[in-house]
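Peer 1: Dropping a structure here in structure tokens format, bear with me for questions.
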Amino acid sequence: MIGKLPLIHCPFGGEGYETKAHSIQKFSGCFNRLNSVFTGLERMVTKKSQGTVKRRSKAEQALYDAFERLKAGKPRSKALEARALSSGKSLVNITNVAIEAGLSRQLIAHKHCQYPEMRMMILEYVQTAKNSGDTLAALKELRVRVRELERKLDLRETHLAELVLENNRLRSKYEPNPPQGDNVVNFRRDRRRQ
């Protein structure tokens, strides 16, 4: 049995081999074919990781373009254009993207739709816009509150200044000889001495 190997099967073709040289030759061919398959896969993965964009279908591209137009506030649809001018709010939602694209809303409307990635992009944008809108509204309320508190503070400062002036006027009227030091207060009444 020297120089003989048991029958081995190569998954890429070939049959059992009886000699070492014949086995090695056939397996090297099998290895080369596997190597070329892996090299091709490696190239595909490298291209995708370098930013190669997946091709979109015409419908998906139309939805994407409509989404971008609505984000920019420049719809082509006359109805959406009129709504944008009258409301002043963002028009981006699933229904409006479908209308702008001229496609059925069912392509992106439900959880198991045909274009779930597009649906997620729209929903994330809407959520982000809603959160920023809430933040802006809260910020506006806080600014109004700050202005109101500043106005109240100004009124109190004015009132305090008026009271200080009144106090000084009354002191000068009832105290003909004010104390010599700034920090000395005369508590005696001049009337008791009479």
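Peer 1: May I ask you to derive the FRET efficiency for S57 and A129 from their Cβ-Cβ distance with R0 = 25 Å, giving the value to the nearest 0.05?
Peer 2: Between S57 and A129 the formula returns 0.40.
Peer 1: Between R145 and T95, what length comes free when the chain is fully extended (0.36 nm per residue of separation minus the Cα-Cα distance, one decimal in nm)?
Peer 2: 14.2 nm
Peer 1: Given points 7 Å out from each Cα along the Cα-Cβ axis, report the K71 to Y174 separation in nanometres with one decimal.
Peer 2: 7.4 nm
Peer 1: Calculate one ³J(HN,Hα) per residue across the stretch 117-133 by plugging θ = phi - 60° into the Karplus curve 6.51 cos²θ - 1.76 cosθ + 1.60, and present them in order as whole Hz with x for glycine and proline.
Peer 2: 5, 5, 4, 5, 4, 5, 5, 5, 5, 4, 5, 4, 5, 5, 5, 5, x
Peer 1: Give me the distance in nm between label points sitting 7 Å out from Cα along the Cα-to-Cβ direction at S104 and E157, one decimal.
Peer 2: Placing both labels 7 Å along Cα→Cβ, they lie 6.7 nm apart.
Rule-based calculations on the coordinates, nothing more; no lab input. Just so it is clear, the structure is predicted and the values come from calculations on it, not from any experiment. Counting neighbours? That spans all protein chains shown, and the Cβs are built from the backbone with ideal geometry, glycine included.
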